[in-house]
Each structure stands twice: as structure tokens, then as C-alpha cells.
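Participant: One structure follows; several queries about it will come next.
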Amino acid sequence: MTKAMRALAALIVAAFLSGSAHAVPPGMSVEFTKSPMGKVVFDGKLHADKGQTCDKCHTAIFQMKKGTAQIKMADHMAGKDNCFACHNGTVSFKSDGNCARCHSNK
């Protein structure tokens, strides 16, 4: 491999890593801890096992950077385009009446 090709490969890897550094890698999870109902854990593997792909929600619904999702109780009631885009009773289980499926007091 030539020096130029190694440099190009290093740049590609660096660009990839910096662009996804805040996203939830496949098979990993992220915790949302600010809810008064208890923390919510988004499990990437659980969603992937159900046939969902990252690009289904990113970036049309959620940005890739951790901490940018601001989901409020009013969003639940209004069916806003975030988790409830799928958790509406049609695509996946409805969030209304199923609080404990996502929220945990652990």
C-alpha cells in the first residue's frame, strides 16, 4: 500500500469515527435518565432484531448526536414524530398505557 493510500484510508476512518462518535452503535444502547417516569433505555439490538435499521429513524426523526432528542410527555399525547412514529399501535406497541415497557425506575 502506498503512502498516499494509507493517508487516504486514515482520513476515511477518522471521518467515519468522528461522524458517529455520539450515535448508538449497532448492538449498543443509550439511556435517557431525565424522565420523571424513570429512565428509558433505547436498545439498538432489540430494534435491529425486529428488522429496524438505523436509517429508518436517523436523521429523518432523530439526529445522530447524543443528547439532541428532547421528548416530552406532551409529545406522547400529540403523537409527535419521534419514538411514537412507530410506537403508535400500528407499527409497534402503542406507548399509551404501556409506560413500563420503556420506562424503568431502576
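Quick note: the coordinates plus some simple rules give every number you see, no bench work behind them. Here the structure is a predicted model, which is why all the values come from computation and not from measurement. Note: ideal-geometry Cβ built from the backbone for every residue, glycine included; neighbour counts use all protein chains shown.
Participant: Straight-line reach from K56: which aspartates and glutamates fall under 19 Å, measuring Cα to Cα and dropping same-chain residues less than 8 apart?
Facilitator: D43, D81
Participant: Then there's this: Around D81, with a cut-off of 14 angstrom between Cβ atoms, what is the net charge of the other residues, counting Lys and Arg +1 and Asp and Glu -1?
Facilitator: Working: positive: K56, K72, K80; negative: D75.
Around D81, the surrounding residues sum to +2.
Participant: List the pairs from K34/K80; K50/K72; K65/K94; K45/K72; K3/K65 whose alpha-carbon separation is above 21 Å, in the order I gave them.
Facilitator: Numbers: K34/K80 19 Å; K50/K72 25 Å; K65/K94 26 Å; K45/K72 24 Å; K3/K65 33 Å.
Violating the 21 Å Cα-Cα cut-off are K50/K72; K65/K94; K45/K72; K3/K65.
Participant: Using only alpha carbon positions, build the gyration tensor of region 52-106, then give the equivalent ellipsoid semi-axes as the square roots of 5 times its eigenvalues, largest first, whole angstrom.
Facilitator: Numbers: eigenvalues 69, 40, 28 Å².
Each semi-axis is the square root of five times an eigenvalue, giving 19, 14, 12 Å.
Participant: Residue by residue through region 35-45, which ³J(HN,Hα) values in whole Hz follow from phi under the Karplus form 6.51 cos²θ - 1.76 cosθ + 1.60 (θ = phi - 60°), with glycine and proline marked x?
Facilitator: Each residue's phi maps through the Karplus curve to give 6, x, 7, x, 5, 10, 10, 8, 9, x, 5 Hz.
Participant: Simple spin-label model, 7 Å along Cα-to-Cβ: T33 to N98 in nm?
Facilitator: Between T33 and N98, the label points sit 2.7 nm apart.
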